[in-house]
Amino acid sequence: MGLSAAAPLWGPLGLLLAIALHPALSVSPASEPAHRDYCVLGAGPAGLQMAYFLQRAGRDYTVFERAARPGSFFTRYPRHRKLISINKRYTGKANAEFNLRHDWNSLLSHDPQLLFRHYSSAYFPDASDMVRYLGDFADRLGLRVRYNTTIAHVTLNKDGQAWNGHYFILTDQKGQTFQCSVLLVATGLSVPNQVDFPGAEYMDGYESVSVDPKDFVGQNVLILGRGNSAFETAENILGVTNFIHMLSRSRVRLSWATHYVGDLRAINNGLLDTYQLKSLDGLLESDLANLAIVKDHKGKFHITLKLYLEVGNHSADAIPLPEDESDNFAMRVPYDRVIRCLGWNFDFSIFSKSLRLSSGGDFSKKYPLVRASYESKGSRGLFILGTASHSVDYRKSAGGFIHGFRYTARAVHRLLEQRHHGVAWPATEHPVTQLASAIIRRINEASGLYQMFGVLADVVLMKENATAFEYLEEFPMQMLAQLETITGRQARHGLFVVNMEYGKNFSGPDKDVFYYDRSVGYTEDAWLSNFLHPVIYYYRHLPTEQEVRFRPADWPLPRPTAIHHVVEDFLTDWTAPVGHILPLRRFLENCLDTDLRNFYAESCFLFALTRQKLPPFCQQGYLRTQGLVGTESLRRHGVESGLLQDYAAEGWPWQDSSQQPDDHGPGGYTLAPGPPVQALDSNKEEL
């Protein structure tokens, strides 16, 4: 009886049911739906950061990672294992947001244990610590990562029902396909930049050259490149080589002069000392495309010009060299090793041409073409995150590095929440009396503004009659004309944009940033500030796309109605009452034609009874909660106490509001005319 009842279960349907329910027999890839609302390529820092935001919002997503664990890039790079991202564990402050200004490795999360300072005590940490950190970030937060999955091809499938008019079709190394409504690419830059010239095959690449200094003992070494990877390589072998020459088409760019974190950092610039102090090492400039490398019968490498190889046929040992014509040619010595350290490019190979990620130009060979919103110019719904998105702020800000793109990833997520789920850009609403304090707090604490200066800015949207405002954080500045569409909020009554900027003529490879009197300390000269400082733009109306596109050269935004520079501060602490807060408050008052000061109750009482324009503080605070009905006895009390002048004795009409209920001022009493309030004698009195 039992057997006959159980037997039908082992028919075709029963067998499939048993396989699906038995964990040992089920196949995990088949159990995962083919469609995802969001697909993230890469489980590096940017991919995991976006996954965190998607998971917190409860969205349908999957991260595809080719390796078995997150952060596979950091298992190999940098080759000499020392990161150049600062791990500043102590700032003297307990404010977590402020401390992120000086933490260049942590990702954003709600878990205080997932801060990088818990993973390394080194100021410049080891790359293995980053691998461990990213693994814990994914595991502790339960991020949905599909490991050992290499996406080999990405194409489009047009569909009118899709969010963006098409789906993205991903094919992995096993031929399995996945359909995505939105594609978020966080694969970084992974293709070594090559220079095609005769003899290029003799070079060692940064990605494969030995990192053991013993392999370079007593050798003459030539390094092609002038970035951090080139100087990192030189630093590793500086003490064992005969000499190191470094050749590049452009001059060295020092990060302390350019204020761009991607330029040469001081941690690796020992070669600059030995060059300038004439200890055999040296730097040279030349267009690499015009060169050629010739190998002689002893295995030594000679540098010559490509044009010499085009004149006649010569044996390897008879090729003309520059020193044949100029016997003091700088590179006349033969080299034992030539090392290529020319940086990285984005891997376009997996993307169908229908996605139009590249235009074929020189710059777009390194980075995909994206808008200021980090969305591809060629395909709606395709976003570039992390290092690969750095074209938006290349050599301007920190968008190519963890401490920058953790904030741009959050901005992209907020954009997607509004576009596809109707969730407006987060904002807080406050009475206008809190406007100055809200701005002061952000310029002193916000890490997104501080690290993504000139790219992400706070936006203050004023309400009607300037009675209140909405505060939006870290909005992409170049998308300001589209603010209403992107955020789901209205900008009808004027707006302020809060940005951080360096002085316009202070940054550059040829700038002397240590000159005497380089800092500005007087508020009247705030607009001449050189170091990073807050700049507030005021617009009566939202700028148009044309105004943003054709803004003045070197301006991050179109010309505003008014602009205010908060004077630079040596401590980056903009809380000085006279030097910082007072000028800012006066600027806001002039823009809004109001008085943003706080007042004692007696002052509000005086303003009300003398029929002055009431400051917002009195309107929103004192009068709404403690307003007094105007009566003859109250007027007399004001006169006797010295708060009011006796206008009735001078012939001014007075109406007892207890007898005349109509035409009352704020608080239920009739306002009487009077003289204007006198200006205070000094800045300190005004405070």
*Would you say Leu280 is touching a residue at least 24 places away in the same chain (Cβ under 8 Å), in a strand (DSSP E or B) and open to solvent by 40 Å² or more (accessible area, probe 1.4 Å)?*
no
*Output the qualifying pairs, or none if there are none: Cβ atoms under 7 angstrom, residues six or more apart or on different chains, first residue in the range 587-615 and over 25 Å from Arg540 (Cβ atoms), second residue open to solvent by 40 Å² or more (accessible area, probe 1.4 Å) and of a type in the set (Phe, Trp, Tyr).*
Asn598/Phe617; Phe599/Phe617
*Please identify the pairs in which a residue from the range 295-318 that is modelled with pLDDT of 85 or more has its Cβ atom under 6 Å from the Cβ atom of a residue that is open to solvent by 70 Å² or more (accessible area, probe 1.4 Å) and in a strand (DSSP E or B), counting only partners at least 6 apart or on another chain.*
Phe301/Lys295
_Number of positions in the range 51-89 that are open to solvent by 50 Å² or more (accessible area, probe 1.4 Å) and assigned to a helix (DSSP H, G or I)_ = 4
*Picking from Val217, Val240, Val209, Val261, which residue would you name as being of a type in the set (Val, Ile, Thr) and either modelled with pLDDT under 90 or in contact with a His (Cβ under 9 Å, 6 or more places away or on another chain) (or both)?*
Val261
*Look at the range 122-157 and say how many of its residues are farther than 21 Å from Gly381 by Cα, in contact (Cβ under 8 Å) with a residue 40 or more places away in the chain and hydrophobic (A, V, I, L, M, F, W, C).*
9
_the range 471-507: number of residues that are more than 19 Å from Asn590 (Cα to Cα) and more than 20 Å from the chain's Cα centre (by Cα)_ = 8
*Can you find a residue in the range 382-399 that is over 19 Å from Gly42 (Cβ atoms), in the same structural domain as Met500 (by the TED database) and not in a helix (DSSP H, G or I)?*
no
*So Phe231, is it surrounded by 22 or more Cβ atoms within 10 Å (Cβ to Cβ) and outside the structural domain of Trp256 (by the TED database)*: no
*Could you tell me whether the range 364-386 includes any residue that is more than 20 Å from Pro476 (Cβ to Cβ) and open to solvent by 40 Å² or more (accessible area, probe 1.4 Å)?*
yes
*Could you please find all residues in the range 237-259 being surrounded by fewer than 20 Cβ atoms within 10 Å (Cβ to Cβ) and out of contact with any Phe, Trp or Tyr (no Cβ under 8 Å at 6 or more places or on another chain)?*
Gly239, Asn242, Phe243, Arg249, Ser250, Arg251, Leu254, Ser255, Trp256, Ala257
_Residues located in the range 113-162, provided they are acidic (Asp, Glu) and outside any helix (DSSP H, G or I)_ = Asp126, Asp159
*When you scan the range 528-621 for helices (runs of 4 or more DSSP H) that lie fully inside it, which ones turn up with 2 or more residues that are in contact with a helix residue (DSSP H, G or I) (Cβ under 6 Å, 6 or more places away or on another chain) and more than 23 Å from Tyr450 (Cα to Cα)?*
601-609
*asked:* Let me confirm something: among Arg559, Arg540, Arg586, Arg551, which residue is assigned by the TED database to the domain that holds Gly508, among the basic types (Lys, Arg), touching a Leu at 6+ places or on another chain (Cβ under 8 Å) and open to solvent by 20 Å² or more (accessible area, probe 1.4 Å)?
replied: Arg551
*Yes or no: Arg518 assigned by the TED database to the domain that holds Leu449, on the phi < 0 side of the Ramachandran plot, at pLDDT 90 or above and surrounded by fewer than 19 Cβ atoms within 10 Å (Cβ to Cβ)?*
no
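The values are calculated or read from the model by the stated rules, or taken from the named source; none is laboratory data. Predicted, not measured: the structure shown is a model, and the values here were computed from it. Here the Cβ is made from the backbone with ideal geometry for all residues, glycine too, and neighbour counts use every protein chain on show. All accessible areas refer to the heavy atoms of the entire protein, side chains included, with ligands and DNA or RNA removed. Shrake-Rupley method; radii C 1.70, N 1.55, O 1.52, S 1.80 Å.
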